[in-house]
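Undergrad: My questions all concern the structure below.
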Amino acid sequence: MGDRLVVDLAALAEASQALQAISAELSDSDMVIGQVTAAIGRTNETQNLRQAVERVSNTWDVRRAELRDDVTYLSRMAARVAQELGGVDRGLATRLSNSVPARAHASNPTRPI
């Protein structure tokens with residue numbers, strides 16, 4: 001195990017945005033199904049196909065909603081982790097940069113042996 005944690009905050013923020021886009025696509029799928037069934041039409045020749053598409057859509061509704069909620073949660077968590085780690089990183093950098101001048105002007109500087 002290492003003693004360092006390296007996180008690409010930009011990549012984590014991008015992952016959050018990608019997950020948000022996936023969630024939106026899952027939300028918009030009802031509209032897509034409506035477009036597909038409208039394109040199939042209501043003729044006798046296409047009735048079986050239309051019913052099959054609607055059946056799949058109806059059985060997929062519950063799982064799709066659960067999946068959308070899970071993806072939305074992951075998106076929010078990724079964004080929050082990026083935000084919190086970024087804040088910690090900035091805070092540590094500020095403290096470190098503020099402590100450097102204090103060490104340089106200390107009355108009892110350390111000397112290498």
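Just so you know, all these numbers are worked out from the coordinates, no wet-lab data involved. If you're wondering where the values come from, they're calculated on a predicted model, not measured in any experiment. Positions of Cβ are backbone-derived with ideal geometry, glycine not excepted, and every protein chain shown enters the neighbour counts.
Undergrad: Using only Cα atoms, tell me the angle between helix 9-40 and the longest principal axis of the chain; keep it within 0 to 90° and round to the nearest 10.
TA: 10 degrees
Undergrad: Right, next: Calculate, for LEU85 and ARG63, the FRET efficiency according to 1/(1 + (r/R0)^6) with r their C-beta to C-beta distance and R0 41 Å; round to the nearest 0.05.
TA: E(calc), rounded to 0.05, equals 0.80.
Undergrad: Springs between alpha-carbon atoms under 10 Å, Gaussian network over the chain: tell me which of ALA15, ALA24, ALA52 tops the mean-square fluctuations.
TA: Evaluated over the chain, the most mobile residue of the options is ALA52.
Undergrad: Could you grab the relative contact order for the chain? Cα pairs under 8 Å, six or more apart, rounded to a whole percent.
TA: So the answer I get is 40 percent.
Undergrad: Ok, one more. GNM on the chain, C-alpha springs below 10 Å: top fluctuator among ARG80, ARG68, ARG90?
TA: ARG90
Undergrad: Would you kindly compute the Cα radius of gyration of the chain and its largest Cα-Cα separation (Dmax), both in Å?
TA: 26.9, 94
Undergrad: Shifting gears a bit: Quick one: angle between helix 47-104 and the longest Cα principal axis of the chain, in degrees between 0 and 90, rounded to 10, please.
TA: Rounded to the nearest ten degrees, it is 10.
Undergrad: Note the full-extension length gain between LEU49 and GLU14 as 0.36 nm times their separation in residues minus their Cα-Cα distance, in nm to one decimal.
TA: So the chain would gain 8.7 nm between LEU49 and GLU14.
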